[in-house]
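**Q** Take this structure, written in structure tokens, and hold onto it; I'll ask about it next.
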Amino acid sequence: MKRLFPSLPENAHLGDVFKMFPAHVRPLLEYHDLLLRGPSDLTVAERELIAAYVSGLNACAFCTGAHVLLARAFGVEPSVIDALLADPATAPVEENLRPLLAYVAKLTLSPSKMTEADAEAVYEAGWSEAALYDAIQTCALFNFMNRILEGTGITAYPLDPGAVDEAELEKRRSRSYLDFGRELGIVD
């Protein structure tokens, strides 16, 4: 951890930041729940894959680790995200996901260069405008969250996403983002 906020404990976690500044946590976690667990043309696994991929592109180790773990809980192997980050063209993902992932990569790395052709590739792969919008929102949310983590100096995720047991994966599948706030004691 970088000591950007000296009052945070050694080896601080996102929960420590939320406890320190709880005023806006509830609506943020509600938005996470709506976007990542609510109805969508994208599966939960696809949305968590996007969250992990965007976080990896931003080199946000905390969010990458957290969302690789969540993607794994919903059926995405961590090696898939590693492969996407190494070479998206050869990563073992469904063909229809490639244009959607290319879209969020470009939106993350060079947002002012988005073109109609980027959206057309997504539609030609069979995705709806609603699916693209959910992908865009997920991309935006994790660019936002990555800045919160990096800006407060939280740089490491405490778990190895590939090494957790089935009980931990089940906990992640059944726990909402608001449940995380409740566990911290800052959301009723």
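**Q** Please go through the range 87-136 and pick out each residue that is more than 19 Å from Asn58 (Cα to Cα), out of contact with any helix residue (DSSP H, G or I) (no Cβ under 8 Å at 6 or more places or on another chain) and of a type in the set (Ser, Thr, Tyr).
**A** Those that are more than 19 Å from Asn58 (Cα to Cα), out of contact with any helix residue (DSSP H, G or I) (no Cβ under 8 Å at 6 or more places or on another chain) and of a type in the set (Ser, Thr, Tyr): Thr115, Ser128, Tyr133.
**Q** Which one is modelled with the lowest pLDDT among residues in the range 1-45 that are of a type in the set (Ser, Thr, Tyr) and over 19 Å from Val76 (Cα atoms)?
**A** Here the answer is Ser7.
**Q** Filter the range 114-125 for residues that are assigned to a helix (DSSP H, G or I), in contact with a Leu (Cβ under 9 Å, 6 or more places away or on another chain) and more than 22 Å from Ile81 (Cα to Cα) and give the result.
**A** Ala119, Tyr123 - these are the residues of the range 114-125 that are assigned to a helix (DSSP H, G or I), in contact with a Leu (Cβ under 9 Å, 6 or more places away or on another chain) and more than 22 Å from Ile81 (Cα to Cα).
**Q** What number of residues within the range 62-71 are farther than 16 Å from Leu42 by Cβ and in contact with a Lys or Arg (Cβ under 8 Å, 6 or more places away or on another chain)?
**A** Qualifying residue count for the region: 1.
**Q** Step by step: first the residues of the range 126-152, then only those that are in a loop (DSSP other than H, G, I, E, B) and surrounded by fewer than 16 Cβ atoms within 10 Å (Cβ to Cβ), then the one that is nearest to the chain's Cα centre (by Cα). Which residue is that?
**A** Ser128
**Q** So which of Gly75, Gly38 is on the phi > 0 side of the Ramachandran plot and either of a type in the set (Ser, Thr, Tyr) or more than 14 Å from the chain's Cα centre (by Cα) (or both)?
**A** Among Gly75, Gly38, only Gly75 is on the phi > 0 side of the Ramachandran plot and either of a type in the set (Ser, Thr, Tyr) or more than 14 Å from the chain's Cα centre (by Cα) (or both).
**Q** While we're here: Do you know which residues across the range 153-186 are within 17 Å of the chain's Cα centre (by Cα) and outside any helix (DSSP H, G or I)?
**A** Within the range 153-186, Ile154, Thr155, Ala156, Tyr157, Pro158, Leu159, Asp160, Pro161, Gly162, Arg175, Ser176 qualify.
**Q** While we're looking at this one, here's another question. May I ask you to list the residues in the range 143-186 that are under 18 Å from Arg37 (Cα atoms), touching a Lys or Arg at 6+ places or on another chain (Cβ under 9 Å) and aliphatic (A, V, I, L, M)?
**A** Those that are under 18 Å from Arg37 (Cα atoms), touching a Lys or Arg at 6+ places or on another chain (Cβ under 9 Å) and aliphatic (A, V, I, L, M): Leu169, Leu178.
**Q** Please enumerate the residues belonging to the range 86-115 that are in contact (Cβ under 8 Å) with a residue 40 or more places away in the chain, surrounded by 17 or more Cβ atoms within 10 Å (Cβ to Cβ) and within 14 Å of Ala140 (Cβ to Cβ).
**A** Passing the criteria: Val104, Ala105, Thr108.
**Q** I've got another one for you. In the range 93-113, what residues are in a helix (DSSP H, G or I), within 24 Å of Gly162 (Cα to Cα) and of a type outside the set (A, V, I, L, M)?
**A** Scanning the range 93-113 gives a single hit, Arg98.
The values are calculated or read from the model by the stated rules, or taken from the named source; none is laboratory data. Note that the structure is predicted; figures quoted are calculated from it, not measured. Counting neighbours? That spans all protein chains shown, and the Cβs are built from the backbone with ideal geometry, glycine included.
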